[in-house]
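Engineer: The structure under discussion is supplied below as structure tokens; questions concerning it will follow.
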Amino acid sequence: TVYGSLTKPTDIGSQGGAGRDADGGYGGGAIFLNVSNTLNVTGVISADGGNGSVADNAWASGGCSGGSIWIIAGTLTGSGNISATGGNGTADPGNNDNGGGGAGGRIAIFSITNQFTGLTSVTGGNGPGTASDGNSGTIFKLNYLTGMSTYGDAQSRLFVTNGSVRLETTFSFN
């Protein structure tokens, strides 16, 4: 389940569900960047959740949820990666008690100019076998100066994606 603020995310990700002796790992962190001029992302900004683990070939654990990334920048450029994805669950080779995938986190980007061409991802982690995949997180983009979306209309846009399925909706602030 995705939690925390859609527009000002600051929560860390949750630990994955532990198996009998398998550690659930660590959730993604919380990143806040406030850049008055240009933020050029050529590498990776990541608050990804960790993968589950298996102890003594049995009792697999679930993947951890993604954390949060909140970016405020005059201009956002680059072709790198910004991600708060959920970690993968693990398969239990002993008795098929597989760990589910962790949910994706939240990303919010406030900018005056958004020229970022890289990947922004909040997908949930994979659950092996019959275990459930993690739910998607959210990506929120807003033109910080005018209150308009970076796509030039009078509304903000919210994106929810998990692999090849993408839901896009628009809404207005009241």
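Engineer: Go through (1) in a loop (DSSP other than H, G, I, E, B); (2) at pLDDT 90 or above one by one and return the number of the condition Thr146 breaks.
Structural biologist: Checking Thr146 against (1) in a loop (DSSP other than H, G, I, E, B); (2) at pLDDT 90 or above, the one that fails is (2).
Engineer: How many residues, within region 91-127, are free of Cβ contacts under 8 Å to residues at least 60 places away in the same chain, open to solvent by less than 30 Å² (accessible area, probe 1.4 Å), assigned to a loop (DSSP other than H, G, I, E, B) and not small (Gly, Ala, Ser)?
Structural biologist: Number satisfying all stated conditions: 1.
Engineer: In region 11-35, which residue that is modelled with pLDDT of 90 or more and farther than 10 Å from Gly105 by Cα is surrounded by the fewest Cβ atoms within 10 Å (Cβ to Cβ)?
Structural biologist: Checking each candidate, the answer is Asn34.
Engineer: Next up: Take the conditions in contact with a Pro (Cβ under 8 Å, 6 or more places away or on another chain), outside any strand (DSSP E or B) and open to solvent by 50 Å² or more (accessible area, probe 1.4 Å) and apply them to Asn88. Does it pass?
Structural biologist: Yes.
Engineer: Is it fair to say Ile82 is under 11 Å from the mean Cα position of the chain (by Cα) and not in a loop (DSSP other than H, G, I, E, B)?
Structural biologist: In short, yes.
The values are calculated or read from the model by the stated rules, or taken from the named source; none is laboratory data. As the structure is a computational prediction, the values presented were derived from the model and not from experiment. Reconstructed Cβ throughout: ideal geometry from the backbone, glycine too, with neighbour counts over all protein chains shown. All accessible areas refer to the heavy atoms of the entire protein, side chains included, with ligands and DNA or RNA removed. Shrake-Rupley method; radii C 1.70, N 1.55, O 1.52, S 1.80 Å.
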